[in-house]
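Report on the following structure.
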Amino acid sequence: MNTKPADVPYCGVREEVIKKATPRLNETNFKYLHQFITRRYLIHKKKDVQQLPAPWTNDPILREFKFTNVRREHDRETRWVLDNIVNHPSLSYDNKLMNLILYRLYNKSSTLELIKAPFDFNKGLDQRAIRRALEQARERDKEYTYFTNAFLTCGLKASLGRMPETNDELMPMRVIKFVQKLWSEGIIGKIKKAKNQQAVYNALKSQYGIGAFLAYQIFVDFTYIPEFPFSENEFTVSGLGCIRGLDYIFEDRDGMTHDECLFWLRENIMVQFHMRGWKYDPQKLFDDLPVHDRCMNVMSLENCHCEISKYIRAVEGTGRPKNKYRSGL
């Protein structure tokens, strides 16, 4: 992704601290980070770009267990977002923003397809038709889940149940009522007035029911819209999974916050890999991307650190990721 003209560099972090920091890294775990980035990205190229048959790797952990892509935009759900909302030919900018909020609250494209989203919020939502579509899905498949299993949504659902305007016995209808409420209260106007990346994030996070993790994920979705003034390159928020991963990599952060560690890695990861003699050529590894994008930006680093603790535990035999391939790669 190109950095956009309105981006505030090092937004929300201390540039001077990052540039002076000399953190101490865990050598073994840092090696695992190198393995994960290089091997997982090669899987993406063989599977998605070259469309080769499995197996796509000799790494036993990556063959058995599912991990997200190094680059978030390569994951299946994000590709759906790009195809069906971001690049939708008749959706206005405001409606793209609102439908991205709606999508991320479920984080499940099949649920949006059930309710025939994306919507034109200027025309209002037919809650009766949406309710019936959701009920019919459960009638067809009693095991169908409306929400993602990629991250916890219990906090969101409980929060919406405590608000009179959004409470509903049918859990997924709480999201519909919530986004209708956000639209009517002018959330899009607040987002469009934001002066920097953190202000967008804060506008989202200030809404009861949207926590830090969701607010950042929605912000990243926004950056895919060409008209959105900010990119994913100069702002990040470390989720709990990312924090766990960073704590595996950094034995001493030298005064940096976890977010600042991601910026430090952005600036130093190639040098740090090379000084240890580890092969890493981003121009070759990421050669399916435009030249300007062949790097690890702070969003991709945040994404990878959400996965690295799971990878390390699996390699060392101290834990197992919950999602497995049925027959391996």
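No value in this document is a laboratory result; all are computed from the given coordinates. Just so we're clear, the structure is a prediction, and the values are computed from it rather than from any experiment. Note that each Cβ is placed from the backbone with ideal geometry, even for glycine, and that neighbours are counted across all protein chains shown.
Please work out the FRET efficiency for the pair Leu82 and Ala54, using the Cβ-Cβ distance as r and a Förster radius of 22 Å; give the result to the nearest 0.05.
E(calc), rounded to 0.05, equals 0.35.
Would you compute the Debye intensity of region 131-193 from its alpha-carbon atoms alone, equal scatterers and no solvent, and pass along log10 I(q)/I(0) at q = 0.18, 0.19, 0.22 Å⁻¹ to two decimals?
Reported log10 I(q)/I(0), two decimals: -0.76, -0.83, -0.99.
Classify region 1-138 from the C-alpha gyration tensor, please: rounded if a/c falls under 1.5, else prolate or oblate depending on whether a/b exceeds b/c.
Values: a/c = 2.49, a/b = 1.45, b/c = 1.72.
It comes out oblate by the Cα gyration axes.
What does the charge count near Arg14 come to, summing +1 for each Lys or Arg and -1 for each Asp or Glu among other residues with Cβ under 10 Å from its Cβ?
Neighbourhood net charge equals -2.
With the dipole of region 75-223 worked out from charges on the C-beta (+1 for Lys and Arg, -1 for Asp and Glu) around the Cα centre, which of Val200, Leu97, Ile85 lies farthest toward the positive end?
Val200
In vacuum, with every alpha carbon of the chain counted as one equal point scatterer, what does the Debye formula give for log10 I(q)/I(0) at q = 0.11 Å⁻¹? Two decimals, please.
-0.76
Taking the Cα centre of region 141-300 as origin, sum charge times position over the Cβ atoms of Lys and Arg (+1) and Asp and Glu (-1), and report the length of that vector in debye to the nearest 20.
Here region 141-300 has a charge dipole of around 440 debye.
At 0.36 nm per residue, and after removing the present C-alpha to C-alpha distance, how many nm does the segment from Glu169 to Arg24 gain when stretched out fully? Display every interim value, and only then the final one.
On the way: separation 145, 0.36 × 145 = 52.20 nm, distance 5.09 nm.
The Glu169-Arg24 span can extend by a further 47.1 nm.
When only alpha-carbon atoms count, how far does region 75-223 stretch along each of its three principal axes, as whole angstroms with the largest first?
Cα extents, longest axis first: 46, 35, 31 Å.
Gain in length, Arg138 to Asp281, computed as 0.36 nm per residue apart minus the alpha-carbon separation, to one decimal in nm? Working shown, then result.
Values: separation 143, 0.36 × 143 = 51.48 nm, distance 4.83 nm.
Stretched fully, the Arg138-Asp281 segment lengthens by 46.6 nm.
Find me the longest stretch of the chain that has none of the exposed trypsin sites (Lys or Arg not before Pro), where exposed means in a DSSP loop (not H, G, I, E or B) with at most 16 other Cβ atoms within 10 Å. If you can, show how the numbers build up before the last one.
Working: sites that count: Arg14, Lys66, Lys116, Lys142, Arg162, Lys195, Arg276, Lys279, Arg294, Lys322, Arg326.
Here the longest run is 196-275.
With a ≥ b ≥ c taken as the square roots of the eigenvalues of the C-alpha gyration tensor of region 213-312, please select rounded if a/c is under 1.5 and otherwise prolate if a/b is larger than b/c or oblate if it is not?
In terms of gyration-tensor shape, oblate.
Calculate the dipole size of region 219-309 relative to its Cα centre from +1 charges on Lys and Arg beta carbons and -1 charges on Asp and Glu beta carbons; express the result in debye to the nearest 20.
It comes to approximately 340 debye.
Would you order Met98, Met171 from fewest to most other beta-carbon atoms within 10 Å of each residue's own beta-carbon? Spell out each step's value before the answer.
Values: Met98 25, Met171 15.
Lowest count first: Met171, Met98.
Can you tell me the length gained on complete extension of the stretch Arg131 to His274, counting 0.36 nm per residue apart and subtracting the Cα distance?
45.9 nm
Which lysines have a Cα less than 29 Å from the Cα of Lys20, not counting those fewer than 8 places away in the same chain?
In chain and number order, the partners are Lys4, Lys31, Lys195, Lys279.
Magnitude of the Cβ-charge dipole of region 75-223, K/R +1 and D/E -1, about the Cα centre, nearest 20 debye?
320
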